[in-house]
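Read the figures in this text as sums done on the coordinates, not as results from a lab. This structure is a prediction, so every number in the text was calculated from the model and none was measured. As a convention, Cβ positions derive from the backbone with ideal geometry for all residues, glycine included, and neighbour counts pool all protein chains shown.
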Amino acid sequence: MSDLTRLTISQARAKLRGKEITATEITEAYLSEIGRANPALNAYVAVTGDKALDMAKASDARLVKGQGGALEGIPLGIKDLFGTEGVHTQACSHVLDGFKPRYESTVTANLWADGAVMLGKLNMDEFAMGSSNETSYYGPVINPWRRSRLDTVVMPTTHQGDGGFVSAGGTRTARSLDNAQLVPGGSSGGSATAVSAFLCAGATATDTGGSIRQPAAFTGTVGIKPTYGRCSRWGIVAFASSLDQAGPIARDVRDAAILLKSMASVDPKDTTSVDRPVPDYEAAIGKPIKGMKVGIPKEYRVDGMPEEIEALWQKGIAWLRDAGAEIVDISLPHTKYALPAYYIVAPAEASSNLARYDGVRYGLRVPGKDIVEMYEKTRAAGFGREVKRRIMIGTYVLSAGYYDAYYLQAQKVRNLIKRDFENVFAAGVDVILTPATPSAAFGIADEDMAADPVKMYLNDIFTVTVNMAGLPGIAVPAGLDPKGLPLGLQLIGRPFEEETLFQTAAVIEQAAGTFQPEKWW
C-alpha cells in the first residue's frame with residue numbers, strides 16, 4: 001500500500017500546497033490501490049481513471065501557480081446516488097441501467113469547484129434502501145475489518161534434561177483474523193469501505209435514517225449527517241425527500257470538517273436548502289469543551305443491548321467529563337416510536353419518488369404488449385427485493401382508508417420527536433451523546449437478518465431520530481469490541497451547530513485514538 005494513500009486529507013493538502021507531492025502522484029497511487037483491492041472489497045461500481053488523471057493534472061497546473069481551492073488535488077470517491085455529468089449514476093439499481101446524467105449535483109459541483117479529484121462512483125444499497133450494503137444490484141460491499149480470534153496452537157518446545165535437550169508439548173495463544181466476511185453497514189457501505197481501506201482520501205455519502213453514521217461506526221471511520229437543508233439535495237437521486245441529507249465519510253474528525261465545508265451551500269435549485277453562512281468547521285477542532293452540557297438520554301438504553309455498547313457509552317461519558325463537560329441525564333420520551341414512524345414516512349416518500357422509473361425516458365426498458373405491461377415488466381425486473389418491499393409498504397400507507405391511520409399519525413409522532421429534542425436543547429443541553437449502533441458489524445448474508453427484515457431495520461434504532469427531527473449527528477470511532485471490530489459513539493447537536501459536534505467529536509477522537517483494519521485484501 002502506497003504511503004500516499006495513508007495521508008489524511010489535511011496531511012495531503014499540506015504536502016500538495018508545499019509542493020512535496022503532486023496531485024497526479026497521489027491520484028495514481030489511489031487508482032493503483034483501487035485496482036488491487038476493489039475485486040475483493042467491491043467498493044467501486046465505476047472507476048473514472050482517465051477523468052481522475054485529467055482533473056489531477058489541472059490541479060497540478062493551479063498548484064504550480066500557487067492557486068487552487070480548499071480541496072485542490074484531493075482524490076475522492078462519490079456515492080452512486082450523486083449525479084455526476086456524463087458518468088455512471090444508477091443508485092446501484094438495475095432500473096437505471098446505462099444512465100449517465102447531463103447534469104452535476106450541487107454537492108459534487110461544489111467539490112470540483114474546490115479542486116477535488118473524482119476517482120469513481122461508490123457502491124451502495126439500491127436507492128439507499130438498506131443497512132448492510134447487500135441490496136446493491138452490483139453485489140454486496142465487503143467490510144475491510146474482520147473479526148479476530150484467539151487460536152491455541154500446539155508448539156514443539158525443548159528443555160534441557162539429563163540426556164541433553166528433550167522435546168515437550170507446549171501451547172501458544174495467537175490472535176488471527178476470521179475469514180468470515182462482514183457487512184460495512186448501509187446504505188453508504190461503499191463510501192465507508194473505500195475510506196477505511198484507503199481507496200480514497202474521503203467520500204460523499206447520504207443519510208436518510210443513519211446511512212452515514214451506521215457504516216462509519218461499522219468501519220472505524222467518521223461520518224457526519226448535517227442539519228437538514230445544510231447541503232443541497234439537487235442532483236441527488238431521491239429516496240425520502242424530507243429525510244435525505246448529504247454528508248461526508250472521512251478518516252478523522254478534521255477531514256470530515258474539511259469535506260463538509262466544501263459540500264455545504266445554499267442552492268436556489270433546492271427549496272429545502274437553507275440560506276445560512278457555512279462556518280469554518282475545521283476551526284472548531286481543538287477548542288475546549290469545558291462547561292459544555294452533555295445530555296445522556298435514558299431511552300437509548302434498549303433491552304438486549306450488548307455489554308460492550310454500554311461500556312463504550314460509559315467510557316465516552318468519562319472522556320467528556322474529564323475534558324470539563326457537565327454530564328446530565330435527559331429524557332426523549334417519544335424515542336420508542338421513532339423507528340416504526342420512520343418506516344412509515346420513509347417508504348411512503350420512496351413509493352412516490354420511485355414512481356418516475358417506468359422505462360420510458362431512461363434506464364431499463366422491458367418490452368410489453370402495451371404501455372401498462374411495459375411499466376409492470378420494467379419495474380418488476382428493475383427493482384430489487386428490498387426496494388419492492390418498501391414501495392409496497394409506502395403505497396399501502398398512502399392508500400385511501402389508511403393515509404389517516406398510518407401516514408398522518410406517523411407525521412404527528414415525528415413532530416413529537418422533534419419537540420422532545422427542542423425541549424432538551426431549550427433546557428441548556430449543548431450536545432447529546434449516544435451509541436451509534438446496537439452492535440458491531442455482522443456477517444454477510446446473516447441468516448437472522450435475511451429471515452426477518454425487522455431485525456435489519458433495528459440497526460437504525462439509535463440514528464433515525466436525528467433524521468426525523470432534521471438535526472445534525474456525527475459518528476466517531478471510539479473503541480473495539482471483544483472480537484476486534486470497531487464501535488462508534490454518536491453525538492447529536494442543535495440545528496446548524498455542526499461546529500459543536502466537531503468540537504466535541506475531536507475530544508472523543510483524541511481520547512480513543514484512530515482505528516485501522518489489518519490488511520487481508
Treating only the Cβ atoms of Lys and Arg (+1) and Asp and Glu (-1) as charged, compute the dipole magnitude of the chain about its Cα centre; round to the nearest 20 debye. 540
Just want the answer: with Cβ charges of +1 for Lys and Arg and -1 for Asp and Glu, which residue in I289, Y300, L320 is farthest toward the dipole's positive end in the chain? I289
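Where does the chain land at 222 nm, in deg cm²/dmol rounded to the nearest 500, when only DSSP H runs of n ≥ 4 count, each adding -39500 (n - 2.57), divided by all residues? Spell out each step's value before the answer.
On the way: 16 runs with 184 residues, N = 521.
Mean residue ellipticity at 222 nm (helix-derived): -11000 deg cm²/dmol.
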The farthest towards the positive end of the charge dipole of region 458-521, of the residues G470, F502, G513, given +1 on Cβ of Lys and Arg and -1 on Cβ of Asp and Glu, is G513
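Could you compute the FRET efficiency for D448 and L53, with r as their C-beta to C-beta distance and R0 at 41 Å, rounded to 0.05?
On the way: r = 45 Å, r/R0 = 1.09.
About 0.35, to the nearest 0.05.
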Taking the simple approach of a point 7 Å from Cα along Cα-to-Cβ for both R17 and S331, what is their distance in nm? 5.0
Percentage relative contact order, the chain, counting C-alpha pairs under 8 Å, at least six apart: 17
For V507, V360, ascending order of other Cβ atoms within 10 Å (fewest first) is V360, V507
Quarter of Cα convex hull surface for region 373-521, i.e. mean projection, nm²: 13.6
Along the charge dipole of region 372-415, which of A400, V413, G382 sits closest to the positive end, that is, farthest toward it, with unit charges on the beta carbon of Lys, Arg, Asp and Glu (+1, +1, -1, -1)? V413
For region 337-408, build the convex hull from the C-alpha positions and give me its volume per residue in Å³. 89
Could you work out the mean projected area of the convex hull around the alpha carbons of region 78-133, in square nanometres to one decimal? 4.0
Compute for region 262-418: radius of gyration divided by Kirkwood radius, i.e. Rg/Rh, restricted to C-alpha atoms, rounded to two decimals. 1.11
Low-density loop positions, trypsin sites (Lys or Arg not before Pro), region 33-80 - DSSP coil, at most 13 other Cβ in 10 Å: K65
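Provide the packing ranking of 211-224, 180-193, 15-28, i.e. peptides ordered by the mean count of other C-beta atoms within 10 Å per residue, highest first. Show your work: numbers first, answer last.
Values: 211-224: 33.7, 180-193: 31.0, 15-28: 17.8.
The most tightly packed comes first, giving 211-224, 180-193, 15-28.
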Could you pull the Rg and Dmax for region 251-293, using just the Cα atoms, both in Å? 13.4, 41
